[in-house]
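Engineer: Please read through the structure below; I'll follow up with questions.
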Amino acid sequence: MQYNTQMKKLALPEYGRNIQNMVDHCVGIKNPEDRKKCAYTVIDIMGSMFPHLRDVNNFKHILWDHLAIMSDFKLDIEYPYEVITREELNTPPGHLDYSRPTMQYRHYGKIMERMIRIASNMEEGDKKNYLVKLLLSQMKRSYSQWNKEADDQKIFHDLYALSEGQIKIDAEKYVIPEVKVNASRDKLKNIKYQRRK
């Protein structure tokens, strides 16, 4: 008895050993017309294995690419699509440049700094005061996630610095409400704790 582990490794295991055997048989056919007929039959069978993907764009093209890969690019037929080549398959993807925004305080995040800039450019009034209160609460929440205790004075100073001196809050007149930080993150990993609830 021969086990799968003793057989050759499958190029695309999701199709299984039987489809791989069909592809190998197709590659070995001498007559070009019969080989082409066999390839189309294999494509139909491969397509019927994943009926939920038939609505995906270029589904047939993907199947022909898979057939080329499974045949180790040895299937000599005229493909209906331009299939992937061995070089394209083994080419590493290009370098992806990530945006590295310059942030003064990384723990607040880029969006928070943008919101503070918007608030500092607003005209004085109730809307601006409400937005500043929301920003202070979020700043305290973000600060608390990285530090054990949130220092309101530090948050007021950071808001002043991020707004380039346009928003100044008097610490004696305004107190940032306490925020609830998810301190029970470790408990969520504990299965016994989850079952108790």
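The values are calculated or read from the model by the stated rules, or taken from the named source; none is laboratory data. Nothing here was measured: the structure is a model prediction, and the numbers come from that model. All Cβ positions, even for glycine, are placed from backbone atoms using ideal geometry, and neighbour counts span all protein chains on display. For accessibility, only protein heavy atoms count, side chains too; no ligands or nucleic acids. Shrake-Rupley method; radii C 1.70, N 1.55, O 1.52, S 1.80 Å.
Engineer: Full extension from residue 128 to residue 18: what is 0.36 nm times the residue separation minus their Cα-Cα distance, to one decimal in nm?
Structural biologist: Length gained between residue 128 and residue 18: 32.8 nm.
Engineer: Give me the distance in nm between label points sitting 7 Å out from Cα along the Cα-to-Cβ direction at residue 8 and residue 55, one decimal.
Structural biologist: Here the answer is 3.8 nm between the modelled labels.
Engineer: I would also like to ask the following. In the chain, which longest range has no GluC sites (Glu not before Pro) that are both DSSP loop (not H, G, I, E or B) and surrounded by at most 14 other Cβ atoms within 10 Å?
Structural biologist: Counting only loop sites that pass the neighbour cut-off, the longest clear stretch is 1-77.
Engineer: Full-extension gain between residue 91 and residue 41, please, as 0.36 nm times their residue separation minus the C-alpha to C-alpha distance.
Structural biologist: 15.0 nm
Engineer: Quick one: helix 110-121 against the long Cα principal axis of the chain, what's the angle to the nearest 10°, folded into 0 to 90?
Structural biologist: The two axes meet at around 40 degrees.
Engineer: What does the charge count around residue 157 come to, taking other residues whose C-beta lies under 12 Å from its C-beta (Lys +1, Arg +1, Asp -1, Glu -1)?
Structural biologist: -1
Engineer: Taking a probe of 1.4 Å, how large is the accessible area per residue of the chain, in Å²?
Structural biologist: For the chain, the per-residue accessible area is 76 Å².
Engineer: If you don't mind, another one. Could you rank 146, 64 by how accessible they are, 1.4 Å probe, largest area first?
Structural biologist: Heavy-atom accessible area, descending, gives 146, 64.
Engineer: Of the heavy-atom accessible surface of the chain (probe 1.4 angstrom), what whole percent is carbon and sulfur?
Structural biologist: Here carbon and sulfur together make up 51 percent of the probe-accessible area.
Engineer: Binning at 5 angstrom from zero up to the longest distance, how are the C-alpha pair distances of the range 1-159 distributed in percent?
Structural biologist: Calculated P(r), rounded to whole percents: 1, 7, 12, 12, 10, 6, 4, 3, 4, 6, 8, 9, 7, 5, 3, 1, 0.
Engineer: With angles folded into 0 to 90 degrees, how steeply does helix 32-49 sit against the dominant principal axis of the chain? Use alpha carbons for both and round to 10.
Structural biologist: The angle comes out at about 40 degrees.
Engineer: Continuing with this model, one more query. Each label point is 7 Å from the Cα along the Cα-to-Cβ direction; what then is the distance between the points at residue 105 and residue 172, in nm?
Structural biologist: Result for the modelled spin labels: 2.3 nm.
Engineer: If you stretched the chain out fully between residue 79 and residue 161, how much longer would it get, using 0.36 nm times the residue separation minus the C-alpha to C-alpha distance?
Structural biologist: Extra length available between residue 79 and residue 161 comes to 23.2 nm.
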